[in-house]
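The values are calculated or read from the model by the stated rules, or taken from the named source; none is laboratory data. Small disclaimer: the values here were computed from a predicted structure and weren't measured. Here the Cβ positions follow ideal geometry from the backbone for every residue, glycine too, while neighbour counts run over all protein chains shown. Quick note on the areas: whole protein, heavy atoms, side chains included, nothing else; ligands and nucleic acids left out. Shrake-Rupley method; radii C 1.70, N 1.55, O 1.52, S 1.80 Å.
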Amino acid sequence: MARAAMRPAPDGVSDGQFERIMGNAARISMVVVGFLALLVALKEGQVFLAPITLAIVVGLMFGPVAGKVEQFGVPPALSAAVVVFLLLGVIAAGILLFAVPLSEWVARAPMIWEKLQLQLDNLQGPLAMASAVQEQISSVFANDNAMAVTVEDGGQMIGVAMIAPAILAQILIFLASLYFFVATRDHIRISVLTLCVSRKARWRTAHVFRDVEAKVSRFLLSITFINFCVGFAVSLAMWAIGMPSPILWGAMAAVLNYIPYVGQGVMVLVLLAAGLGTQTGLENILLPAGCYVTINFIEGQIVTPHFIGRTMTLNPFIIFLSITFWLWAWGPVGGLIAVPTLLIVTSVLDHMLPRKPMVPSSPVRRTRSMTDRQALLANTAKAIREQSAAAETQGTERRKGKRLEPPEGTAPSGVEPTA
């Protein structure tokens, strides 16, 4: 009945092939619908999911620290409290580090605005032309019945008052989630392992926990140390060139360096704006951003590969996609968890879906004119051909074995075996 109700197969396609195509299309459709539902859930559940995910990532970072504390006989509940208070101390120190220089820049805001106006005098001509064009367009599309929009005083204060409780709730959810995750991390691991029904599944799950905690903790601790060094170097460079509030720029560079690509771009724009408002002359305006770009280049090309290692290097395009996705979903919090989340996903996939190494049985003979990239591609192509040939041979032997089996009902006893 079900087969009769199905759509008939088109010409040139057998019923079996058509059913297989429709089955694959149905599976792909379910995956697409599930992915879209996941996107909607992540976007709508930002207030609840974002602080919990950030707490898990930070908990993975401080998990080894809590483990070291527990080696001295401290119970997990107390070690988790130590981790939370340590994090609060770091956040408080950062706020104090930002507060004093920011207050100075707020006081200088009128003077900086005057300097910016003087620097932008050269752009008055192009801006006047753009303003004239805008007026002409407005006169063409002018409407006597245009709606007037008025902005009430105090709107910003009302907006801040509405947002403040949500931000406070997210902070409380983050701190509570961090405490309970660090305090019960061993119980969580044991509970997940008990759900595995086979020894192989338990073995793989245990290795996933081990690699995820090791990779995320090593990455975040190393990046924190590197960012501290970057902030110190930026502060020293800003002080050397006479930039006001060098500590502020160093702290900002250290914080923004947690978000690859996006953070560096924002820092360059901020330094360009600060140089435009405080310096005179094109070379002096570009000098702060140039110093930061030089320091960031040394960090990205020499320091980070040396500390983290090439084994933890991810594809830059995948990193960019991850940052873009999480920034769209959860804003600044998403930018902080983008790379750690990518490390977690790659660790899970490496153990759950082990990949075969693309190494041929014998390497391709390399000529003098062959570059490293050409040699890598040649060896990969040879390994793919060898794996395809092996798979084809196995398939041929399997089909040959099926042909040698007796048809149904022709066994020597006249009854087909049940096994």
Looking at Ala201, Ala166, Ala237, Ala146, which one is more than 30 Å from Val74 (Cα to Cα), in contact with a helix residue (DSSP H, G or I) (Cβ under 8 Å, 6 or more places away or on another chain) and modelled with pLDDT under 90?
-> Ala166
Quick one: how many residues across the stretch 48-67 are open to solvent by 50 Å² or more (accessible area, probe 1.4 Å) and at pLDDT 85 or above?
-> 3
Of the residues in the stretch 204-222 that are open to solvent by less than 20 Å² (accessible area, probe 1.4 Å) and of a type outside the set (Val, Ile, Thr), the one that is nearest to Pro246 (Cα to Cα) is Leu220
Note down all Cβ pairs under 6 Å where the first residue falls in the stretch 365-393 and is of a type outside the set (A, V, I, L, M), the second is open to solvent by less than 60 Å² (accessible area, probe 1.4 Å) and not in a loop (DSSP other than H, G, I, E, B), and they're at least six residues apart or on different chains.
-> Arg366/Ala375
In this structure, does Ala107 turn out to be at pLDDT 70 or above, surrounded by 13 or more Cβ atoms within 10 Å (Cβ to Cβ) and of a type in the set (Gly, Ala, Ser)?
-> no
Looking only at the stretch 223-249, count how many residues are polar (S, T, N, Q), buried (at least 16 other Cβ atoms within 10 Å of the Cβ) and in a helix (DSSP H, G or I).
-> 2
Quick one: which helices (runs of 4 or more DSSP H) sit completely within the stretch 263-375 and have at least 3 residues that are at pLDDT 85 or above, in contact with a helix residue (DSSP H, G or I) (Cβ under 8 Å, 6 or more places away or on another chain) and surrounded by 15 or more Cβ atoms within 10 Å (Cβ to Cβ)?
-> 282-298, 316-330, 332-352
